[in-house]
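J.: The structure under discussion is supplied below as structure tokens; questions concerning it will follow.
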Amino acid sequence: MRGIAYGVGVGPGDPELMTQKAIRLIRECGVIAVPGRVAEESVAYQIAAAMVPELRDKELVAVDMPMVKDRALLEAQHRRGAQVLEQYLAQGRDVAFLTLGDPTVYSTFSYLQHILEADGYRVELVPGVPSFCAAAARLGLPLVEWDEPLHIVPAVHKTEEPLSQSGTYVLMKSASHMAEVKALLRQSGRDAACVENGGMDTEKVYRGVEEIPDDAGYFSLIIAKERRD
């Protein structure tokens, strides 16, 4: 009997935004996997541990998958990560892999999911509050209204594309190219706001492009809305 791999979204940073289902599964699973080299240093682990103190007594598994651009190297890392989980699943043990935000939105777990399913393992996803929803709430902004579309963009890959579509843009993964992203925002003429480390003790809010520092941290998310006359 093979175990089940759960991709568990722990939300964007505030432990109180974790779902009851996520908390229950973390308590029920004997094996907890997190991205990174040291499990206890993972942000996802720290969020979950605040709501599930008994997490510290679980068998913790660190799955190191550094971000690199070489596709072949990436695929090899993902395969190694999946193999780590499969060692437990093959023993009939359920594994909860903790991921920031929601496991369906630019999640590390997605890469593992494809491999696990191809290898015949059962995977279930547990949704979490997405970072862009939490950021919009923190800013007091409705993301979209009436018939407006919503564009969720990995800014690190799109710094040369204009923000020319109607509706609201959510720019994720902006930090490493923040200067270019800010130039793009100025060109677009949109109103922009940024939440850095949303829901964490180090949270910072920037209202306006010029307030956003070029060295904003990794967990920085920008919401850019069309100006209203």
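J.: Hey, any idea what Rg/Rh is for the range 76-153, computing Rh the Kirkwood way over Cα pairs?
T.: In the range 76-153, Rg relative to Rh is 1.12.
J.: For the chain, what does the helix formula give at 222 nm: sum of -39500 (n - 2.57) over DSSP H segments with n ≥ 4, over the residue count, nearest 500 deg cm²/dmol? Don't skip to the answer; put the middle values down first.
T.: Details: 6 runs with 68 residues, N = 229.
Result for the chain, helices only: -9000 deg cm²/dmol.
J.: Any idea how far apart D191 and R56 come out in nm if each label point goes 7 Å out from Cα toward Cβ?
T.: Output for this residue pair reads 4.5 nm.
J.: Want the number for R79 to K21: 0.36 nm per residue separation, take away the alpha-carbon distance, what's left? Spell out each step's value before the answer.
T.: Values: separation 58, 0.36 × 58 = 20.88 nm, distance 2.80 nm.
Result for the pair: 18.1 nm of gain on full extension.
J.: Still on this structure, I have one more. Using Cβ contacts closer than 10 Å as the measure, can you line up V38, V123 from fewest to most? Mind showing how you got there, number by number?
T.: Values: V38 11, V123 20.
In order of increasing Cβ crowding within 10 Å: V38, V123.
J.: Right, something else. Can you work out the Karplus-derived ³J(HN,Hα) for every residue in the range 80-93? Use 6.51 cos²θ - 1.76 cosθ + 1.60 with θ = phi - 60°, whole Hz, and x for glycine or proline.
T.: Residue by residue, the range 80-93 yields 5, x, 5, 5, 4, 5, 5, 4, 7, 4, 5, 8, x, 9 Hz.
J.: In addition: In whole Å and largest first, what semi-axes does the C-alpha gyration tensor of the chain yield when each eigenvalue is scaled by 5 and square-rooted?
T.: Gyration-tensor ellipsoid for the chain: 34, 19, 16 Å.
J.: Can you give me the long-range amide H partners of G11? Hydrogens built in the peptide plane at 1.01 Å from N, cutoff under 5 Å, separation of 5 or more residues or another chain.
T.: G101, V129
J.: Now a separate question. Only counting other Cβ atoms within 10 Å, I'd like D201, D94 sorted with the fewest neighbours first. Each step should come with its number before you reach the end.
T.: Details: D201 6, D94 18.
Taking fewest neighbouring Cβ atoms as first place, the list is D201, D94.
J.: Another question about this same structure. Going by the alpha-carbon gyration tensor, a ≥ b ≥ c the square roots of its eigenvalues, is the range 131-225 rounded (a/c under 1.5) or, if a/c is not under 1.5, prolate (a/b greater than b/c) versus oblate?
T.: Oblate, since a/c reaches 1.5 and b/c is not below a/b.
J.: Which order results if C29, C133, C194 are arranged by neighbouring Cβ count within 10 Å, fewest first?
T.: Fewest to most other Cβ atoms nearby, the residues stand as C133, C29, C194.
J.: Along the charge dipole of the range 4-126, pointing to its positive end and built from +1/-1 on Cβ of Lys, Arg, Asp and Glu, which listed residue (Y88, L73, A62) has its Cα farthest out?
T.: Projecting each Cα onto the dipole axis, the largest value belongs to L73.
J.: For the range 159-199, restrict the atom set to alpha-carbon positions and state the Rg and Dmax in Å.
T.: 10.4, 30
J.: Right, here's the next one. Separation of the range 109-157 and the range 163-207 by C-alpha centroid, Å?
T.: Measuring centre to centre over Cα atoms gives 17 Å.
J.: Sticking with this one: At q = 0.12, 0.13, 0.19 Å⁻¹, what log₁₀ I(q)/I(0) does the range 4-124 have when each alpha carbon counts as one equal point scatterer in the Debye sum?
T.: Summing over Cα pairs of the range 4-124 leads to -0.38, -0.45, -0.98.
J.: Would you grab the residues whose amide H sits under 5 Å from the one on R93? Only those 5+ places off in sequence or on another chain, please, with H modelled 1.01 Å from N.
T.: Hits under the 5 Å cutoff: G3.
J.: Still on this structure, please answer the following. Residues with amide H under 5 Å of A33's amide H, sequence separation 5 or more or different chain, H placed in the peptide plane at 1.01 Å from N; which?
T.: Answer set, sorted by chain and number: V61, A96, F97, L98.
Taken together, the values in this text are just the output of simple stated rules run on the coordinates, not laboratory data. Please read all numbers here as calculations on a predicted model, not as lab measurements. Cβ coordinates were reconstructed from backbone atoms using ideal geometry, including for glycine residues, and neighbour counts include every protein chain displayed.
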